[in-house]
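**Q** This is the structure, below, for whatever I ask next.
The values are calculated or read from the model by the stated rules, or taken from the named source; none is laboratory data. The shown structure was predicted, so the numbers you read here are calculated from the model rather than taken from an experiment. Every residue, glycine among them, receives a Cβ derived from its backbone with ideal geometry; neighbour counts consider all protein chains shown.
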Amino acid sequence: MSQNFSQLNSEQFLKLIAAKERIEVIVRPGSQEEGAFFDSERNSIIIFLKERAESGKANKALIRFFAKHFNKKAEIVSGHSSRRKILKITEL
């Protein structure tokens, strides 16, 4: 992993997305571990998921990840077949 990544806990993530209805994330499916990171070089949120990008499995895992770790509902607005996605974030 790049040295420009810093892991995001729930509080840090919520500050990062405060007052934003939509966010852009980069998804890394098929990773050994799951987690949310901030890439300071790209100024991007990176989400590592264990699920592979097959038959929408990673997209479903992304939705579950947001609910489990951040207590937020995420809806993929664009990027269903891309690693770069736009998400609509709402309360559960």
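**Q** Among the numbered criteria (1) over 14 Å from I89 (Cα atoms); (2) in a loop (DSSP other than H, G, I, E, B), which one does A19 miss?
**A** (1)
**Q** Here's another thing I want to ask about it. Go through the residues of segment 68-79 one by one and say whether even a single one is in contact (Cβ under 8 Å) with a residue 40 or more places away in the chain, touching a Lys or Arg at 6+ places or on another chain (Cβ under 8 Å), loosely packed, with under 15 Cβ neighbours inside 10 Å and assigned to a loop (DSSP other than H, G, I, E, B).
**A** No: zero hits.
**Q** When you look at S31, is it among the small types (G, A, S) and at pLDDT below 95, yes or no?
**A** Considered against the rule, which asks whether it is among the small types (G, A, S) and at pLDDT below 95, S31 comes out as no.
**Q** Just to verify a result, which residue in segment 8-18, among those that are touching a Phe, Trp or Tyr at 6+ places or on another chain (Cβ under 7 Å) and surrounded by 15 or more Cβ atoms within 10 Å (Cβ to Cβ), is farthest from A67 (Cα to Cα)?
**A** By that ranking, first place goes to L8.
**Q** Restricting attention to segment 80-92, which residues are charged (D, E, K, R) and in a strand (DSSP E or B)?
**A** R84, K85, K88, E91
**Q** Turning to a different aspect of this structure: Can you run down the residue pairs with Cβ atoms below 8 Å, 6 or more apart or on separate chains, where the first is in segment 35-58 and over 15 Å from K85 (Cα atoms) and the partner is among the charged types (D, E, K, R)?
**A** K50/E33; K50/E34; E51/K57; E51/K60
Table: residues versus (1) over 15 Å from E75 (Cα atoms); (2) modelled with pLDDT of 95 or more; (3) surrounded by 17 or more Cβ atoms within 10 Å (Cβ to Cβ).
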site	(1), (2), (3)
N4	yes, no, no
K20	no, no, no
I23	no, no, yes
V27	no, yes, yes
R52	yes, yes, no
R64	no, yes, no
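Listed here are the residues, each with its yes/no results for (1) in contact with a His (Cβ under 8 Å, 6 or more places away or on another chain); (2) among the β-branched types (V, I, T); (3) closer than 16 Å to L8 by Cβ.
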position	(1), (2), (3)
I47	no, yes, yes
H69	no, no, yes
A74	no, no, yes
V77	no, yes, no
H80	no, no, no
K88	no, no, no
E91	no, no, no
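**Q** Are any of the residues in segment 72-88 within 21 Å of F5 (Cβ to Cβ), in contact with a Pro (Cβ under 8 Å, 6 or more places away or on another chain), of a type in the set (A, V, I, L, M, F, W, C) and at pLDDT 95 or above?
**A** Scanning segment 72-88, I find no residue that is within 21 Å of F5 (Cβ to Cβ), in contact with a Pro (Cβ under 8 Å, 6 or more places away or on another chain), of a type in the set (A, V, I, L, M, F, W, C) and at pLDDT 95 or above, so the answer is no.
**Q** Just for segment 1-58: of the residues that are among the polar types (S, T, N, Q) and on the phi > 0 side of the Ramachandran plot, which one is farthest from the chain's Cα centre (by Cα)?
**A** Residue satisfying both the conditions and the ranking: S55.
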